[in-house]
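**Q** I have a structure here, written as structure tokens, and I will follow up with some questions on it.
Please treat every number below as a calculation from the coordinates, not as lab data. No experiment lies behind these values; they were computed from the predicted model shown. Note that each Cβ is placed from the backbone with ideal geometry, even for glycine, and that neighbours are counted across all protein chains shown.
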Amino acid sequence: MKTLQTTLADAQKNGLDSALTELILALSETCKAISAKVARGAMAGVLGAAGTENVQGEDQKKLDVITNDMLLEDLAKTGVVAAMASEELDEISPVPEAGNAPYLVLFDPLDGSSNIDVNVSIGTIFSVLKRPEGALCEASFLQAGTSQVAAGYVVYGPQTQLVMTTGSGVHGFTLDPATGIFVLTNPSMKISSQTKEFAINMSNRRHWYSPIQRYIEELLEGKTGKRGKDFNMRWIASMVADVHRILNRGGIFMYPADARDPDKPGKLRLMYEANPMSFLVEQAGGASTNGRMRIMEIAPEKLHQRCAVVLGSEEEVKLVTGYHQQ
């Protein structure tokens, strides 16, 4: 039986940095503790609103704050993390005692917050970058997605699963509640190039730009339309859960820019959500764009930058991107 530890040990033999291994194992331990809090829910007094807002002006849930603090505290103890950035924090969080620690970590501590109180799958997303030379500041984190050395998520659902990449494929691990060990259950995950499933928030339909309108109309026409087959819509309102489904059985996920605020390029965060998920999807044979270009090639300008997201089965992503480019 292969576990997260043995899988990383094998990767170390093939050149994976031992400090990165230590970092990933620390992340997994924190996510085990988060999973326990999520599982206890109301019994642990962690459900409901925190009565505060994050840097994006969004209402925070109690678990948003709790999980953010847990990750900050635990990763600071590793000695290999120089600084962190979180979707829930205005600014970066340096680790003064870390000295010349080699890595930076960005995370969304609890993706899908709107689902917390209704017992629907939520998750933690993370992205790991190498620390650049020079003094640590926000600019240290402003690296394109192609610079990521590791990325992944933990989904807290019927099972707690860790899905990650270090640039050599995507592997999924399931937490065994009896032993507290992440066991390799989904090695070398692959996304089929074709699909009959799409995920998008249809309530925003009237606001979409014409390329997305055109694409969705074609899907809804089904067998009698241009595509010649029926499509099913799936939407969980938790990016972790939607991407997890796509990694397991294919599909396309879209959160496009729309006409409600033409100055905003999208809703999802480039650094905390789009880049790590794009890294995973590409490593699994899928594709990820903002509708016009590869997401991981976007040069970030600020820590909490937003972008449109179209990711999943390669043929569908290429089709949507082609409509935008036309």
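**Q** I'd like to know which of Ala274, Pro187, Ser121 lies farthest towards the positive end of the charge dipole of the chain, counting +1 on Cβ of Lys and Arg and -1 on Cβ of Asp and Glu.
**A** Going by the Cα projections, it comes out as Pro187.
**Q** Please list, ordered by chain and number, the residues whose modelled amide H lies under 5 Å from the amide H of Ile122; skip anything fewer than 5 residues away on the same chain.
**A** Answer set, sorted by chain and number: Tyr156.
**Q** Looking at the chain as a GNM with Cα springs under 10 Å, which of Val155, Val309, Val118 has the largest mean-square fluctuation?
**A** Val118
**Q** Over the stretch 208-326, what is the relative contact order in whole percent, taking alpha-carbon pairs under 8 Å and six or more residues apart? Provide the component values of the computation, followed by the final result.
**A** Values: 178 pairs, mean separation 33.1, N = 119.
It rounds to 28 percent for the stretch 208-326.
**Q** If you average the sequence gap of Cα pairs under 8 Å that are 6 or more apart and divide by the length of the chain, what percent do you get for the contact order? Mind dumping the intermediate values first?
**A** On the way: 686 pairs, mean separation 49.8, N = 326.
Across the chain, relative contact order equals 15 percent.
**Q** To continue, here is another question. May I ask you to derive the FRET efficiency for Arg205 and Ser114 from their Cβ-Cβ distance with R0 = 25 Å, giving the value to the nearest 0.05? Walk me through the numbers on the way to the answer.
**A** Details: r = 19 Å, r/R0 = 0.77.
In this case the efficiency is close to 0.80.
**Q** Kindly write out, for the stretch 251-262 in residue order, the coupling ³J(HN,Hα) from the Karplus curve 6.51 cos²θ - 1.76 cosθ + 1.60 (θ = phi - 60°), rounded to whole Hz, with x marking Gly and Pro.
**A** x, 10, 10, 9, 10, x, 5, 8, 7, 5, 9, x
**Q** How large are Rg and Dmax for the chain when calculated on the C-alpha trace, in angstrom?
**A** Expressed in Å, the Cα Rg and Dmax of the chain come to 19.2, 64.
**Q** Continuing with this model, one more query. Which order results if Ser188, Ser86 are arranged by neighbouring Cβ count within 10 Å, fewest first? Display every interim value, and only then the final one.
**A** Numbers: Ser188 12, Ser86 24.
Sorted ascending by nearby Cβ count, the order is Ser188, Ser86.
**Q** Rank Ile92, Ala150, Leu25 by how far each Cα sits towards the positive end of the charge dipole of the stretch 4-186 (+1 on Lys, Arg Cβ; -1 on Asp, Glu Cβ) and give me just the farthest.
**A** Leu25
**Q** Something else now. Once label points are set 7 Å from the Cα along Cα→Cβ at both Thr3 and Gln159, what is their separation, rounded to one decimal in nm?
**A** 1.7 nm
**Q** Follow-up question, since we're still on this one. Treat the count of other C-beta atoms within 10 Å as a stand-in for reagent exposure and order Trp235, Trp208 from fewest to most.
**A** Values: Trp235 15, Trp208 21.
Fewest-to-most Cβ neighbours within 10 Å comes out as Trp235, Trp208.
**Q** Between the stretch 249-303 and the stretch 73-125, how many Å separate their Cα centres?
**A** Cα centroid of the stretch 249-303 versus Cα centroid of the stretch 73-125: 20 Å apart.
**Q** I've got another one for you. Please turn the phi angles of the stretch 8-22 into ³J(HN,Hα) values with the Karplus equation 6.51 cos²θ - 1.76 cosθ + 1.60 (θ = phi - 60°), one per residue in order, whole Hz, x for glycine and proline.
**A** Those phi angles translate into 5, 4, 5, 5, 4, 4, 9, x, 5, 4, 5, 5, 5, 4, 4 Hz.
**Q** Quick one: of Lys32/Lys62; Lys2/Lys130; Lys196/Lys223; Lys196/Lys318, which pairs are farther than 21 Å apart, Cα to Cα?
**A** Working: Lys32/Lys62 18 Å; Lys2/Lys130 28 Å; Lys196/Lys223 11 Å; Lys196/Lys318 15 Å.
Check vs 21 Å cut-off fails for Lys2/Lys130.
**Q** Can you classify the stretch 179-304 as rounded, prolate or oblate using the Cα gyration tensor, where a ≥ b ≥ c are the square roots of its eigenvalues, rounded means a/c under 1.5, and otherwise it's prolate if a/b beats b/c and oblate if not? Present the calculation step by step, with values, prior to reporting the outcome.
**A** Numbers: a/c = 1.92, a/b = 1.14, b/c = 1.67.
The shape class here is oblate.
**Q** Would you grab the residues whose amide H sits under 5 Å from the one on Ala83? Only those 5+ places off in sequence or on another chain, please, with H modelled 1.01 Å from N.
**A** Those qualifying (amide H under 5 Å, at least 5 residues apart or on another chain) are Val95, Val105.
**Q** Note down the nm distance, to one decimal, between modelled labels 7 Å out along Cα→Cβ at Glu91 and at Glu221.
**A** My value for the distance between the label points is 5.4 nm.
**Q** Still on this model: From the phi of every residue in the stretch 315-324, what ³J(HN,Hα) in whole Hz does the Karplus formula 6.51 cos²θ - 1.76 cosθ + 1.60 yield, where θ is phi - 60° and glycine or proline is x?
**A** Calculated HN-Hα couplings, in order: 5, 5, 4, 4, 5, 4, 5, x, 4, 5 Hz.
**Q** Continuing with the same structure: Taking the highest mean first, how do the peptides 315-325, 131-141, 260-270 order by number of other beta carbon atoms within 10 angstrom per residue?
**A** On the way: 315-325: 18.2, 131-141: 14.0, 260-270: 15.6.
In descending order of packing, they fall as 315-325, 260-270, 131-141.
**Q** Taking neighbour Cβ counts within 10 Å as the exposure measure, how do Met70, Met254 sort from fewest upward?
**A** Met70, Met254
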